[in-house]
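Reading through the structure tokens given below for one structure.
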């Protein structure tokens, strides 16, 4: 007799954007459905009429509750409160109805709005939380300590959140350091994000090019990267820096002008349909992020033998890069050190090759096959735990 396939439901806002969370969820859902035979359903709240950005297996089911929390983006503060409360009640009602009908073995929350009530839904499923940012940057209300009201609200909110997380069967974070950060909880484990592809450009020749990949936003620290590049560009006229990502490039285009960077050798691209080719053609990659939940772009570059110079920011890069073996770590926020280590690699082709060869080998510990086995073991352990 064939066993009934495990039934898993994921809850996340949307899948129409080209984000890291969307990419990883799609990758895992496809793998679990295709290789493990799991019955996978993804429940969304946004983007009902928008196409999915990443290809999804026909074996994965999608349910869109059409809540429309994105309406909050255009509301003033007072209206936002009432709209949020109304939509949250609607979300809880619709999600509860779906889970009671589906009766999954496991419900996974990507720790968005459903974390406030997911454990109160008595559908018989085990509840797992999946966190894709480090604790310090998860809806951080306490950033401005000079604002007493904001700080007080932040402390209350975190206290309440910890209570919700404690009720989960498991909370999954991306690194061991972030696991340690949740010292109040005894249900936390770490499972890294998987490498999102198997390299397909095996014989692509490397160019004298430094690459950075990620959305144009404060978090990614491109202002620091451009300052570091400005310090060394004169000494390496044959090299160029190219950045790829979504978002508004206006601020960074202005910085190129402000820092007197040579435009032809510092190019800001939008999103590319074939980021693998760009990794394959690049000799060096840089991660100048102020913080990283993990660092998908780091392991993607490493898979193509492209060593990464990265800020040692909380908490992802140091869990991936072995400093001096398969890449280089830089003191977080230290622009001078970043420019020096860039200069060092641009001057040492043999070192770039050594680091790149090690990177290509070491990154295999993040292969989908390896990470999927860790998830499979987790799913089986929580469902067997009576």
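Only the coordinates and a few stated rules stand behind these numbers; no lab work does. What you see is a predicted model, and the numbers here were worked out from it, not measured in a lab. Backbone-built Cβ (ideal geometry, glycine too); neighbour counts: all protein chains shown.
Against the chain, whose longest principal axis comes from its Cα atoms, helix 148-166 is set at around 60 degrees. Projected label points at residue 94 and residue 381, each 7 Å from Cα along the beta carbon direction, are separated by 3.5 nanometres.
Rank these for me by crowding, 197, 366, 32, going from fewest to most other beta carbons within 10 Å.
Working: 197 14, 366 21, 32 24.
Ordered by Cβ neighbours within 10 Å, fewest first: 197, 366, 32.
Against the empirical curve 2.2 N^0.38 Å, the C-alpha radius of gyration of the range 218-282 lands at a ratio of 1.12.
Which whole number of Å³ per residue matches the convex hull of the alpha-carbon atoms in the range 132-274? Intermediate values should be presented prior to the final figure.
Numbers: hull volume 25.5 nm³, N = 143.
Value for the range 132-274: 179 Å³ per residue.
Diffusion coefficient of the range 209-365 by Stokes-Einstein, Kirkwood radius over Cα pairs, 25 °C, 0.890 mPa s: 162 µm²/s.
By the beta-carbon count within 10 Å of each Cβ, the least crowded to most crowded order of 127, 122, fewest first, is 122, 127. Angle of helix 222-232 to the longest C-alpha principal axis of the chain, folded into 0 to 90 degrees and rounded to 10: 10°. Pop a pseudo-label 7 angstrom from the Cα along the beta-carbon direction at both residue 353 and residue 204 and give the gap in nm to one decimal. Reported label-point gap for residue 353 and residue 204 is 2.0 nm.
Expected output is a single nm value to one decimal: the length gained when fully extending between residue 365 and residue 258, i.e. 0.36 nm times separation in residues minus the C-alpha distance. What is it?
Gain on stretching residue 365 to residue 258: 34.4 nm.
Helix 335-346 axis versus longest C-alpha principal axis of the chain: approximately 60°, rounded to the nearest ten.
In what sequence do 75, 266 fall when counting other Cβ within 10 Å, fewest first? Don't skip to the end; give the middle numbers.
Details: 75 13, 266 22.
Least to most surrounded, the residues fall as 75, 266.
Across all directions, the average projected area of the convex hull around the alpha carbons of the range 63-145 is 6.7 nm².
Using packing as a proxy for protection, rank 58-66, 319-327, 94-102, 200-208 so that the peptide with the highest average count of other Cβ atoms within 10 Å comes first.
Working: 58-66: 14.9, 319-327: 19.0, 94-102: 16.6, 200-208: 11.9.
In decreasing order of mean packing, 58-66, 319-327, 94-102, 200-208 become 319-327, 94-102, 58-66, 200-208.
Every pair of different Cα atoms in the range 1-61 enters the Kirkwood calculation, which places the hydrodynamic radius at 12.0 Å. Computed with the Debye formula from one identical point scatterer per Cα of the chain, without solvent, the log10 of I(q)/I(0) at q = 0.07 Å⁻¹ comes to -0.35. On full extension, the segment bounded by residue 218 and residue 58 gains 53.9 nm, given 0.36 nm per residue less the C-alpha separation. Using alpha carbons only, how many angstrom separate the centre of the range 38-83 from the centre of the range 340-386? Between the Cα centres of the range 38-83 and the range 340-386 lies a distance of 31 Å.
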